[in-house]
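Written out below as structure tokens is the structure these notes cover.
The values are calculated or read from the model by the stated rules, or taken from the named source; none is laboratory data. Note that the structure is a prediction, hence the values are computed from the model and not measured. Note that we place each Cβ from the backbone using ideal geometry, even for glycine, and neighbour counts take in every protein chain shown.
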Amino acid sequence: MELQDTTVLLTGATGGIGVALVATLVARGAHVLAVARDAARLSALARAHPAGAVTPFAADLTEAVDRAALLARVRTLVPSPSVLLLAHARPAFGLFPTQDDAELAALVETNLIAPMQLIRGLLPVLQSHPQAAVVAIGSTFGSLAFPGFSAYSACKFGLRGLIEGLGREYADTPVRFQYLAPRATNTAFNSPAVNALNHALGTRVDAPAAVAETLVRAIEHGTRRRQLGWPEALFARLNGVMPALVDRSLARQLPLIRHHAGGFASAAFQEHRHDPLAL
Ligand SMILES: NC(=O)c1ccc[n+]([C@@H]2O[C@H](COP(=O)([O-])OP(=O)(O)OC[C@H]3O[C@@H](n4cnc5c(N)ncnc54)[C@H](OP(=O)(O)O)[C@@H]3O)[C@@H](O)[C@H]2O)c1
């Protein structure tokens, strides 16, 4: 897909990967409708680019009223967006019993339900173009669920399933569905605890600008599925065909992961441990 003179609706535009995506897309001649919650950061982002290249739009994507306002704004844009690039997400690192109902609900609302609602709302606009794309930014953890990231992994697995299903459902339309998964990337998404874990595990961490360039190339080439990084791409595939092998490998890392995720000493865990009926 040629990005010159297209409009891209980008969520998570003020994030570490989002800011790099905006710069890469603008360099390709695209116009970006940049979405995030923080209006001040969005305005600063727009000011950092040539006038008119970036249109800021503040919205909490978990709020119906904000999504409706965003879709209303989309209808006023000429040209309307032909690419929906979903790059917002809520992080969640920690042992599962420490994540309460509100946290789990916010995680699923942000990382899975909001993408579903946005895609459904934008499909009529996308279908009005001869070529269009829905691009979801996934994660290695969307193919290989990781201890300490179980609920987050569940959302990314769900996102991957959503994009795969829609790609098949819309196979005979001009709308292409792409699931592109970065590996660990150096952004504020990762808390100090995650950075410490990555360091301890020897996980490679990519620079956001390099990730953005790879993602934009994948959009241009129409790549349906892509896991960035080696050996992550191998492990993600291996997990699909021989999950028991990955189980064994991760079991060896478990003490280290538990240590960085807060350990088993949390009060919530101790309660659940001694009460087999506790949910
Ligand atoms: N960084 C990594 O290591 C890594 C690795 C693999 C995959 N990923 C994926 O890459 C994508 C981008 O990650 P990142 O590192 O750029 O994250 P980030 O720096 O934390 O940025 C997250 C972005 O999402 C926005 N956002 C969060 N909740 C929102 C909501 N309810 N409504 C609207 N906007 C919301 C944030 O802006 P506001 O706070 O202003 O709303 C921000 O622009 C995510 O899908 C993430 O899962 C990241």
In the stretch 216-249, anything in a helix (DSSP H, G or I) and among the aliphatic types (A, V, I, L, M) is listed as V216, A218, I219, A233, L234, A236, L238, V241, A244, L245, V246
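Being touching a strand residue (DSSP E or B) at 6+ places or on another chain (Cβ under 7 Å) and in contact (Cβ under 8 Å) with a residue 60 or more places away in the chain narrows it down to one of L25, L42, so name that one.
L25
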In the set G138, G121, G158, G148, the lone residue that is under 21 Å from L234 (Cβ atoms) and touching a residue at least 12 places away in the same chain (Cβ under 8 Å) is G138
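For residues that are of a type in the set (A, V, I, L, M) and near the ligand (Cβ under 9 Å from one of its atoms), scanning just the stretch 173-214, find the one that is farthest from L86 (Cα to Cα).
V194
Do we have any residue at all in the stretch 49-61 that's under 16 Å from the mean Cα position of the chain (by Cα) and either more than 24 Å from V211 (Cα to Cα) or aliphatic (A, V, I, L, M) (or both)?
The answer is yes; a qualifying residue exists.
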Taking the stretch 1-44 and keeping residues part of a loop (DSSP other than H, G, I, E, B) and within 13 Å of the ligand (Cβ to nearest atom) leaves G12, A13, T14, G15, R37, D38
Only one of P50, P97 is in contact (Cβ under 8 Å) with a residue 24 or more places away in the chain, surrounded by fewer than 16 Cβ atoms within 10 Å (Cβ to Cβ) and either within 10 Å of the ligand (Cβ to nearest atom) or of a type outside the set (F, W, Y) (or both), namely P50
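Counting only residues that are small (G, A, S) and surrounded by fewer than 16 Cβ atoms within 10 Å (Cβ to Cβ), which one in the stretch 101-118 is farthest from the chain's Cα centre (by Cα)?
A102
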Those residues of the stretch 149-199 which are in contact with a His (Cβ under 7 Å, 6 or more places away or on another chain), surrounded by fewer than 19 Cβ atoms within 10 Å (Cβ to Cβ) and assigned to a helix (DSSP H, G or I) amount to A193, A196
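Based on this model, can you work out whether A87 counts as of a type in the set (G, A, S), at pLDDT 95 or above, under 15 Å from the mean Cα position of the chain (by Cα) and buried (at least 18 other Cβ atoms within 10 Å of the Cβ)? It would help to see each step written out before you state the result.
Working: of a type in the set (G, A, S): yes; at pLDDT 95 or above: yes; under 15 Å from the mean Cα position of the chain (by Cα): yes; buried (at least 18 other Cβ atoms within 10 Å of the Cβ): yes.
Criteria met by A87.
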Residues of the stretch 192-210 being closer than 28 Å to L254 by Cα and among the aliphatic types (A, V, I, L, M), in sequence order, are A193, V194, A196, L197, A200, L201, V205, A207
**Message:** Taking the criterion of being among the aromatic types (F, W, Y), within 30 Å of V125 (Cβ to Cβ) and touching a residue at least 24 places away in the same chain (Cβ under 8 Å), would at least one residue in the stretch 224-244 satisfy it?
**Reply:** no
When restricted to R90, R67, the only residue touching a Cys at 6+ places or on another chain (Cβ under 9 Å) and either within 16 Å of the ligand (Cβ to nearest atom) or assigned to a loop (DSSP other than H, G, I, E, B) (or both) is R90
Taking first residues from the stretch 1-21 that are in contact (Cβ under 8 Å) with a residue 24 or more places away in the chain and among the aliphatic types (A, V, I, L, M) and second residues anywhere that are within 8 Å of the ligand (Cβ to nearest atom) and in a loop (DSSP other than H, G, I, E, B), the pairs with Cβ under 7 Å that are 6 or more apart or on different chains are L10/A87; I17/A87; I17/P182; I17/T187; L21/A87
Report task. Could you check, for the stretch 93-115, whether at least one of its residues is in a loop (DSSP other than H, G, I, E, B) and in contact with a His (Cβ under 6 Å, 6 or more places away or on another chain)? Result -> no
